[in-house]
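S.K.: Mind looking over this structure? Questions follow.
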Amino acid sequence: MYCEKCGSILMDGECPNCKGDLTRKKGDNRNRNMAIFAVILSVLSIGLLAIGFSVLSSPKTIVLQSVSNWGSLLKSGFKSNDTSITKKIMEHHQIQLEESLSLEIDPILNLGFEKANFKIDYRDDRQLKKSKIDFGMFLDQNELNLDAFIASDKFTFKIKDVLEKYYYFDFSYVSFFKDVETIDSKRMIDIIIDSLKDGIEEKDLKKSKATILLGDDAKKTNKISYEVTSKKLVQMVIDILEKIKKDKELILSISDFYDQEELLILVQIDQMIQLLEAEKNQKSETLFYYNVYYYGFNNIVMEEFSLDDTALQYYHYGEVHEIKLVDVKSKTNYFTMKMKKEKESVAISGFILTYEYHGVFEKNDRSTLLKMDFDFGEKGVIHLEFTESIKEENDIYQSQFDMTAYGNLVDIDLGNGVKISSNLQYTFDQEVDIPEIDDAINVNEMTEEEQFQFFDSLHNHPFLSPIIDFVFLDFNSLMTGDSNFYSSDV
């Protein structure tokens, strides 16, 4: 027997020349094969990563990601529709709303009054289709009170010191809380965002380089630009309407909101589509450009809506969100607002032209605080404070907010300021008591004497008289040029 490798005679089945190398060479072959496999795997991984990076960083992918971000931002704005008070209102058919709104003005402003108050007590029973309203307006010592209710397809009312008896006219019941019922906002947003994405084509995207400022730091970025034309926008709206038509749940939601038959909603959508189809034949014009700025692996830091030399920019990087309205050619900022998230608050700062402002915003589930200072240089400083607190227990929901503005501007000293306060309370499952009025008069059956007495009472009412005089006298004089607003010296 001879060795297959060197041809030497085998001794006891083994080659004397290759005996010592045989184990090592078998190991070398295994290691070499593993090394080759690792190299091939690495090359494939790098290739796949490069292809993936190329696909995920394509202009279309970046723009679609940007559009999706807008969708998420819009959805977050509708979260309140699913919580707390809105949910309770939709779940109960007996609701009472009590609200008071007051305005206090420092006498130094000499506006002719110092206090104004508005109060409303509205009770509604959507199941029995009836409601009751008590409304009051107070200006210093003068007041106006309205007592009214809706029942049996009639609106019955009486105005203190104007109408001593109850009057009514035909009126179909409608709930003040009807508007609380909302269309499925998230579903609608998804349809809009999907249609916007479907309308974007790779060939319409232009890529370039741009350096932008992120705070005080210059940053080199990639810029992707998409031209939005009237024709593209019309087609996108048509696509949105077509998708809405096919969504049965959304059509049902729209039908409930507008209190119309589903078939009528579909007919109206078809009519809108026909009108838009006709618009597609018109000459297409550039409406604006949508630009997306990013760096690295899809790190979007700014979106921009621009037309000619004006641009609305939205920056978002780190904990900072910033909005700018800019004249691009002259690099002039008409307006800026920077919001930086801190531990328990958001710091706000910016400029209105060259005038600086800054403030702080704090919010949690039960309270909100906003403080702003507007510095107009030599012209003065205006301070603004806003607070809101919410209390909720059992079947009662309360909200209290106060807003105060004080400081000085030019020659106007606000003194202790202008203060607006509001207290709002919802109570549930309270019966609505409608009084039985047997001698109420149909307004269509008012005699001439009653009509004359009505208008005379309105004109002489201490609260309404100044308003009527302005609407029918001062406003008319202003429009005709016969007002004392005009000076003979001008």
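S.K.: Find which of LEU111, LEU139, ILE191 sits farthest along the positive direction of the dipole of region 74-227, computed with +1 on the beta-carbon of Lys and Arg, -1 on that of Asp and Glu, about the Cα centre.
M.R.: So the residue we want is ILE191.
S.K.: Quick check: net charge around LYS419, other residues with Cβ under 12 Å of its Cβ, Lys/Arg +1 and Asp/Glu -1? Mind showing how you got there, number by number?
M.R.: Numbers: positive: LYS115; negative: GLU104, ASP106, GLU114, GLU385, ASP402.
Residues close to LYS419 contribute a combined charge of -4.
S.K.: Filter the GluC sites (Glu not before Pro) in region 345-433 to those in DSSP coil with at most 12 other Cβ atoms within 10 Å of their Cβ, and list the result. Mind showing how you got there, number by number?
M.R.: Values: sites: GLU356, GLU362, GLU378, GLU385, GLU388, GLU392, GLU393, GLU431; in loops: GLU431.
Sparse-neighbourhood loop GluC sites (Glu not before Pro): GLU431.
S.K.: Under a 1.4 angstrom probe, counting protein chains only, how are HIS358, HIS92 ranked by accessible area, largest first?
M.R.: If we order HIS358, HIS92 from most to least accessible, we get HIS358, HIS92.
S.K.: Shifting gears a bit: Rounded to the nearest Å, what's the spacing between the alpha carbon centres of region 134-170 and region 248-312? Just the number, please.
M.R.: 44 Å
S.K.: Could you tell me the accessible area of THR387 in Å² (1.4 Å probe, neighbours in place), rounded to the nearest ten?
M.R.: Surface open to solvent at THR387 totals about 60 Å².
S.K.: Right, next: To the nearest 10 square angstrom, what accessible area does MET90 show with a 1.4 Å probe?
M.R.: The accessible area of MET90 comes to roughly 100 Å².
S.K.: Would you rank ARG366, ARG126, ARG187 by solvent-accessible area, highest first, keeping every protein chain in place and using a 1.4 Å probe? All intermediate terms of the calculation are to be shown ahead of the outcome.
M.R.: Numbers: ARG366 110, ARG126 50, ARG187 75 Å².
The ranking, largest first, comes out as ARG366, ARG187, ARG126.
S.K.: Under a 1.4 angstrom probe, counting protein chains only, how are GLU342, GLU91, GLU450 ranked by accessible area, largest first? Walk me through the numbers on the way to the answer.
M.R.: Details: GLU342 95, GLU91 125, GLU450 45 Å².
The most accessible residue leads, giving GLU91, GLU342, GLU450.
S.K.: To the nearest 10 square angstrom, what accessible area does ASP395 show with a 1.4 Å probe?
M.R.: So the heavy atoms of ASP395 present about 60 Å² to solvent.
S.K.: Please state the charge dipole magnitude for region 294-406, taken about the Cα centre, from unit charges on C-beta atoms (+1 on K and R, -1 on D and E), reported in debye and rounded to the nearest 20.
M.R.: That gives region 294-406 a dipole magnitude of about 340 debye.
S.K.: Straight distance only, please: which lysines reach the Cα of LYS165 with their own Cα at less than 26 Å, same-chain residues fewer than 8 apart left out?
M.R.: LYS119, LYS129, LYS130, LYS132, LYS154
The values are calculated or read from the model by the stated rules, or taken from the named source; none is laboratory data. Only a predicted model underlies this, so the values are computations on that prediction, with no experimental measurement involved. Neighbour counts run over all protein chains shown; Cβ positions are idealised from the backbone, glycine included. We work out accessible area using only protein heavy atoms, side chains counted, and drop any ligands, DNA or RNA first. Shrake-Rupley method; radii C 1.70, N 1.55, O 1.52, S 1.80 Å.
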